[in-house]
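Down below is the structure, laid out as structure tokens.
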Amino acid sequence: APEMQPFNPPRVELGRDVFHAAAPARKPAEPVRSPLRGDPAAPREAAPRPRATGIEEEARIRALEAANSQMATELAAIRGMIERQLAGFAWGELNRTAPSRTRLMSDLLEAGFSAALARELADAVPEDASVEDAHRILRTVLSQRLRAMSSDADIIDRGGVYALVGPTGVGKTTTTAKLAARCVVRHGADKLALITTDGYRIGAHEQLRIYGRILGVPVFVVRDATDLRETLAGLRDRHMVLIDTMGMSQRDKMVAEQAAMLTGAGKVKRLLLLNATSRGDTLDDVINAYAGDDLQGCIFTKTDEAMSVAPVLDVAIRHQVEVFYVANGQRVPEDLHLPNRDTLLAQALKELPEPSPFRLAPMEAGLVMAGSPAAAVHAAGGAR
């Protein structure tokens with residue numbers, strides 16, 4: 001038999017490109033996803049926001065409140081600027097249509113009257129009135145609105161119990177002595193008694209005792225409401241009793257305590273002393289603090305030291321407080337007078353000396369009147 005030979009096929013060299021083309025296509029390996037880090041290729045889900053703590057919530061609330069407060073302040077400033085501009089335009093229009101009114105308001109502001117009263121008084125002047133007629137009408141209106149005592153019959157002749165109240169340094173003790181001297185001249189020393197409640201000021205008792213010895217009038221010192229009530233009960237036969245009270249700031253809480261003490265003692269009428277040298281807003285604060293049903297009236301003090309009595313006249317007119325006396329010095333009893341309307345108005349409306357840094361130019365008066373929203377409404381109404 002023929003011999004079998006092994007089969008050896010011919011070797012063929014195939015290129016690498018042919019081998020890869022014949023091989024089936026492979027998918028790229030997918031990245032291994034880690035359960036801890038997540039899939040980097042997939043979109044990440046939003047992590048839940050941690051709940052704010054109490055401190056963080058309070059801080060957020062405070063930040064919102066601060067932002068709201070700042071916004072409110074800025075809006076108020078913008079509103080004020082717009083109102084002042086509108087008021088300035090209205091003032092210019094009013095100055096063109098009714099120059100006598102603007103001149104009158106300028107004179108009142110320069111004298112020391114408040115803008116509120118100046119606007120009210122200007123309303124009483126016709127738009128076509130001359131400057132002379134405007135001032136004549138002004139004096140008439142002021143005289144009508146000022147409540148002033150014309151004789152001593154309301155106090156000295158009628159008698160009663162009067163307490164002189166007011167801030168420190170306004171002249172209560174000296175004014176008490178002046179009223180006491182008037183009463184002694186008319187009714188005698190045995191018809192008058194003096195009481196002091198000032199237990200704090202050094203020498204306050206002695207000062208009143210000196211006046212009492214000069215006038216021959218007894219002086220009593222009281223400490224509280226019970227002591228005052230008992231003292232007044234023993235003085236029922238006196239025609240007049242004058243009480244010199246302790247001076248205190250109008251913002252002191254003891255003002256209310258003092259008023260309660262006087263009210264609890266019986267039929268005590270209060271007389272408020274107003275310092276003519278004080279600013280108008282200070283006097284307004286004083287009247288508001290001492291107001292009450294038992295406030296009988298007021299007394300102007302230190303008018304000889306004031307450049308103008310317009311501020312004190314202004315508050316008395318606006319609050320409708322009757323003026324009983326006007327004190328213009330330290331002499332007892334000479335420097336105490338009944339209020340004279342013509343004299344007070346002449347002192348209030350007199351022109352400032354030249355030169356004076358407090359004189360107002362027409363434009364400056366307009367800026368003052370334009371400083372409040374009410375002025376804008378008033379000027380706009382007058383310009384129509």
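The values are calculated or read from the model by the stated rules, or taken from the named source; none is laboratory data. The structure presented is a predicted model; accordingly, all values stated were derived computationally and were not measured. We place every Cβ from the backbone using ideal geometry, glycine too, and count neighbours over all the protein chains shown.
Would you say Val217 is in a loop (DSSP other than H, G, I, E, B) and of a type in the set (Val, Ile, Thr)?
yes
So Glu74 fits all but one of (1) among the acidic types (Asp, Glu); (2) modelled with pLDDT under 85; (3) under 22 Å from the mean Cα position of the chain (by Cα); what number is the exception?
(3)
Would a scan of the stretch 154-172 turn up a residue that is at pLDDT below 90, over 29 Å from Ser249 (Cα atoms) and hydrophobic (A, V, I, L, M, F, W, C)?
No: the stretch 154-172 contains no residue that is at pLDDT below 90, over 29 Å from Ser249 (Cα atoms) and hydrophobic (A, V, I, L, M, F, W, C).
Which residue out of Val141, Val125, Val170 is within 26 Å of Ala310 (Cα to Cα), touching a strand residue (DSSP E or B) at 6+ places or on another chain (Cβ under 9 Å) and of a type outside the set (S, T, N, Q)? It would help to see each step written out before you state the result.
Details: Val141 fails: touching a strand residue (DSSP E or B) at 6+ places or on another chain (Cβ under 9 Å); Val125 fails: touching a strand residue (DSSP E or B) at 6+ places or on another chain (Cβ under 9 Å).
The conditions single out Val170.
Taking the stretch 234-258 as the region of interest, how many residues are under 22 Å from the mean Cα position of the chain (by Cα) and touching a residue at least 12 places away in the same chain (Cβ under 8 Å)?
Looking only at that region, the number is 6.
Could you check how many residues of the stretch 122-153 are crowded, with 21+ Cβ neighbours inside 10 Å, part of a helix (DSSP H, G or I) and modelled with pLDDT under 90?
Adding up the residues that qualify gives 2.
One residue is enough: does the stretch 289-301 have a residue meeting the conditions farther than 30 Å from Lys253 by Cβ and either assigned by TED's automatic domain parsing to the domain that holds Thr176 or in contact with a strand residue (DSSP E or B) (Cβ under 9 Å, 6 or more places away or on another chain) (or both)?
Taking every residue of the stretch 289-301 in turn, none turns out to be farther than 30 Å from Lys253 by Cβ and either assigned by TED's automatic domain parsing to the domain that holds Thr176 or in contact with a strand residue (DSSP E or B) (Cβ under 9 Å, 6 or more places away or on another chain) (or both).
Mind listing just one residue for me: the one in the stretch 279-304 that is more than 10 Å from Val165 (Cβ to Cβ), more than 15 Å from the chain's Cα centre (by Cα) and among the hydroxyl-bearing types (Ser, Thr, Tyr) and, of those, surrounded by the fewest Cβ atoms within 10 Å (Cβ to Cβ)?
Result: Thr303.
Out of Thr197, Thr226, Thr231, report the one residue that is of a type in the set (Val, Ile, Thr) and closer than 30 Å to Asp281 by Cβ.
So the residue among Thr197, Thr226, Thr231 that is of a type in the set (Val, Ile, Thr) and closer than 30 Å to Asp281 by Cβ is Thr197.
Results for (1) in a strand (DSSP E or B); (2) among the aromatic types (Phe, Trp, Tyr); (3) under 25 Å from Pro218 (Cβ atoms); (4) in contact with a strand residue (DSSP E or B) (Cβ under 8 Å, 6 or more places away or on another chain), shown as yes or no for each residue.
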| site | (1), (2), (3), (4) |
| --- | --- |
| Arg229 | no, no, yes, no |
| Gly247 | no, no, yes, no |
| Ala259 | no, no, no, yes |
| Ser278 | no, no, no, no |
| Ser308 | no, no, no, no |
| Gln320 | no, no, no, no |
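Return the residues of the stretch 212-240 that are hydroxyl-bearing (Ser, Thr, Tyr) and modelled with pLDDT under 90; say none if nothing qualifies.
Thr226
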